[in-house]
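Worksheet: the structure to be examined is printed underneath.
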Amino acid sequence: MIVLTNARVVTADGVLTDGWVQVDGTRIAAVGNGTAPPGDALDLAGAWLLPGFIDIHVHGGGGHDVASTARDLAAAVAFHRSHGTTRTLISLAAAPLDDLARQLGWIADLIAFGPSTSGHVVGAHLEGPFLSPERRGAQNPANLLLPDRETFAELLAAARGTLRCITIAPELPGALDLIADAVAAEVVAAIGHSDATYAEAVAGVEAGASLATHLCNGMRPFDHREPGVVLAALDRLTCEVINDGLHVHPMVTALVARDAGRLVLVTDAMGAAGAGDGEFTLGDQIVTVLEGEARLPSGSLAGSTLTMDVALRRAVLDSGLSIEAASAAASGNPARVLNLADSCGRIAAGLDADLVVLDADLRLQRVMSLGAWC
Ligand SMILES: [Zn+2]
């Protein structure tokens, strides 16, 4: 048994200022404050100990695009793990259907290898192809389709039980039926890349959508006379936020976090995350990264170069969230969105030992995944 001692342990019920966590194999055996139980002790010297991060929106990292090859997919996941992400939902941008089916197959294969190889990948998020051309962001318009139930069924089959989320523009013809199909298949329906009015977005919520894909980005902007998806999302949905200080103002993050449980920090990272400036691909498009800003030739933002440790740190330092609220947004809330809260997302006895150690400045020091230091 490993016992991590002398840590500021962030739990769902608050911070244990003289906390300890006992790890038995791949699981958390016990959590407490004060005198630690016997075991192989590691003194964390007052560092923060948080649950590992769960990123439900990521396209790449470390120079690897998940849509390139199965090997790149695994390398991107490993890159983000080194930044504290211990569970990853892989996002696939719209692509020709054969390509999407193949990419879904890579994810299913990786998961089939079992947790020691793939423990970090929890499934796939289809960010497309049923999206609005008006709000496509970095998506290639040639790959966008109108909602089609048969196509969805084919993609669902290609994912072999690993499709967990799909982003849909609810105003498109047939979208509401597709949202209902997704929910019936236990796939989270997210609203995004959408030009929906408020009423159209609410119809999507009533059909079963429960998540907003990267709030404020890829959607009709808020207007007091036509508040669009943004108000429907703030009022009724769990909201992904790309908290890089670029995609949303830090106070938007703070606003979403006022309602505990609503905020989910995501990276929406592309391959360029952690790979410096230069030219990269996002799906089949060329993206130029300059000082961390990833843009298409048109100038529009194309994903981010964010990592989850930075997203969390910004939530505390720039948006003024408590560390408990920021940790919930990086771990507990996304675990709940994906129905994984019984196994990960919190520091509690019986859950997987996925942990991150942060120094006093909230900079990442160590990552533990399933009981093993990475
Ligand atoms: Zn994305």
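The values are calculated or read from the model by the stated rules, or taken from the named source; none is laboratory data. The structure displayed is predicted, hence computed values, not measured ones. Using ideal geometry, Cβ is built from the backbone for each residue, glycine included, and neighbour counts are taken over all protein chains shown.
Do the conditions hold for ASP99, that is, is it at pLDDT below 95 and either assigned to a helix (DSSP H, G or I) or of a type in the set (Lys, Arg) (or both)? For ASP99, the condition - at pLDDT below 95 and either assigned to a helix (DSSP H, G or I) or of a type in the set (Lys, Arg) (or both) - is not met.
Every listed requirement among (1) more than 16 Å from the ligand (Cβ to nearest atom); (2) within 22 Å of VAL337 (Cβ to Cβ); (3) part of a helix (DSSP H, G or I); (4) not hydroxyl-bearing (Ser, Thr, Tyr) is met by GLY161 save one, (3).
Candidates in segment 19-59 are the residues that are more than 16 Å from the ligand (Cβ to nearest atom) and among the charged types (D, E, K, R); of these, the one that is nearest to MET308 (Cα to Cα) is ARG27.
At least 3 residues that are within 20 Å of ARG8 (Cα to Cα) in each: list the helices (runs of 4 or more DSSP H) lying fully within segment 288-360 that qualify. Give the steps one after another, and end with the answer.
Numbers: elements: 308-317, 323-327, 333-337.
Qualifying helices (runs of 4 or more DSSP H): 308-317, 323-327.
Would you say ASP65 is among the charged types (D, E, K, R) and crowded, with 19+ Cβ neighbours inside 10 Å? Answer is yes for this residue. Restricted to segment 107-128, and to residues there that are out of contact with any helix residue (DSSP H, G or I) (no Cβ under 9 Å at 6 or more places or on another chain) and not in a strand (DSSP E or B), the residue that is nearest to the ligand (Cβ to nearest atom) is GLY119.
Filter segment 273-287 down to the residues that are under 24 Å from ARG81 (Cα atoms) and either more than 13 Å from the ligand (Cβ to nearest atom) or not in a loop (DSSP other than H, G, I, E, B) (or both) and list them by number. Let's see the steps before the verdict.
First pass over segment 273-287, keeping only residues under 24 Å from ARG81 (Cα atoms): 273-283, 287.
Listed by number, the residues that qualify are GLY274, ALA275, GLY276, ASP277, GLY278, GLU279, PHE280, THR281, LEU282, VAL287.
Take the conditions (1) over 22 Å from THR253 (Cα atoms); (2) buried (at least 17 other Cβ atoms within 10 Å of the Cβ); SER343 misses just one of them, which is (2).
Identification of strands (runs of 3 or more DSSP E) wholly contained in segment 20-95 with 3 or more residues that are hydroxyl-bearing (Ser, Thr, Tyr) and either touching a Cys at 6+ places or on another chain (Cβ under 6 Å) or closer than 29 Å to GLU240 by Cα (or both) yields 85-93. Taken together, ASP72, ASP24 contain a single residue that is more than 26 Å from ASN333 (Cβ to Cβ) and either touching a Lys or Arg at 6+ places or on another chain (Cβ under 6 Å) or at pLDDT 95 or above (or both), which is ASP24.
Pick from SER298, SER331, SER322: which is assigned by TED's automatic domain parsing to the domain that holds SER91 and either in contact with a Leu (Cβ under 6 Å, 6 or more places away or on another chain) or in contact (Cβ under 8 Å) with a residue 60 or more places away in the chain (or both)? Show your work before the answer.
Numbers: SER298 fails: either in contact with a Leu (Cβ under 6 Å, 6 or more places away or on another chain) or in contact (Cβ under 8 Å) with a residue 60 or more places away in the chain (or both); SER322 fails: either in contact with a Leu (Cβ under 6 Å, 6 or more places away or on another chain) or in contact (Cβ under 8 Å) with a residue 60 or more places away in the chain (or both).
The conditions single out SER331.
For segment 199-208, check the following and say yes or no: at least one residue is part of a strand (DSSP E or B), touching a Ser or Thr at 6+ places or on another chain (Cβ under 8 Å) and closer than 20 Å to ASP235 by Cα. So far as segment 199-208 goes, no, none of its residues is part of a strand (DSSP E or B), touching a Ser or Thr at 6+ places or on another chain (Cβ under 8 Å) and closer than 20 Å to ASP235 by Cα.
In segment 206-222, the residues that are within 14 Å of the ligand (Cβ to nearest atom) form Cβ pairs under 8 Å with partners that are of a type in the set (Phe, Trp, Tyr) and part of a loop (DSSP other than H, G, I, E, B), at six or more places apart or across chains, as follows: CYS216/PHE222. Taken together, LEU145, LEU131 contain a single residue that is in contact with a His (Cβ under 7 Å, 6 or more places away or on another chain), assigned to a loop (DSSP other than H, G, I, E, B), in the same structural domain as SER210 (by TED's automatic domain parsing) and at pLDDT 95 or above, which is LEU131. Look at segment 87-99: where a residue is in contact (Cβ under 8 Å) with a residue 60 or more places away in the chain and a partner is of a type in the set (S, T, N, Q) and more than 11 Å from the ligand (Cβ to nearest atom), sitting 6+ places away or on another chain with Cβ atoms under 8 Å, you get ALA93/ASN140; ALA93/ASN143; ALA94/ASN140; ALA94/ASN143; ALA95/GLN103; ALA95/ASN140; ALA95/ASN143.
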